[in-house]
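Here's the structure we're looking at; comments come further down.
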Amino acid sequence: MGKRRRVGVEGGGTTFVVALSEDGDDWSHVEERFEIPTTSAEETLQKVKEILDQLYPFDALGISCFGPLELNETKEKYGYITTTPKLQWKDTNILGILAGKDTKWADVPIGFDTDVNAPAMAEFAYHNNTNKNNEKKEEEEE
């Protein structure tokens, strides 16, 4: 089995970042990283899709974005930026545009959350993984 490739998209108010990570000793190692200035929704998301197309195939996609976002999967506007002071982004279907049925990666597992929650979850996962690896090393040394 080859290395698993994971892509993360972080949508910020001034910059969108797309990063590729592959399995290895340090799962947080970034193989490739791209920055796109946040302009209009249409222009910015088109550039992000072009990068995702370039990076495909990948095994998982995580998308975080400024909001407010609709995160309830049972709601009609799940995946949208709802109300926002950035008027060009109001009612933008982030998830539908970046991971919709028209993409090559439509069947890839996707995570979607705010640009506040996603880094907190990543920190938790990273430190939890680091602690498990340290415990494993200690057991091996005994």
Item to check | In the range 80-125, residue most open to solvent (accessible area, probe 1.4 Å) [restricted to those that are at pLDDT 95 or above and aromatic (Phe, Trp, Tyr)] | outcome: 80
Next on the checklist: Can you tell me how many residues within the range 50-85 are of a type in the set (D, E, K, R) and under 14 Å from residue 110 (Cβ atoms)?
Outcome noted: 2
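The values are calculated or read from the model by the stated rules, or taken from the named source; none is laboratory data. Keep in mind that what you see is a predicted model, and the values were worked out from it rather than measured. Note: ideal-geometry Cβ built from the backbone for every residue, glycine included; neighbour counts use all protein chains shown. Areas reflect the complete protein model, heavy atoms only, side chains present, ligands, DNA and RNA absent. Shrake-Rupley method; radii C 1.70, N 1.55, O 1.52, S 1.80 Å.
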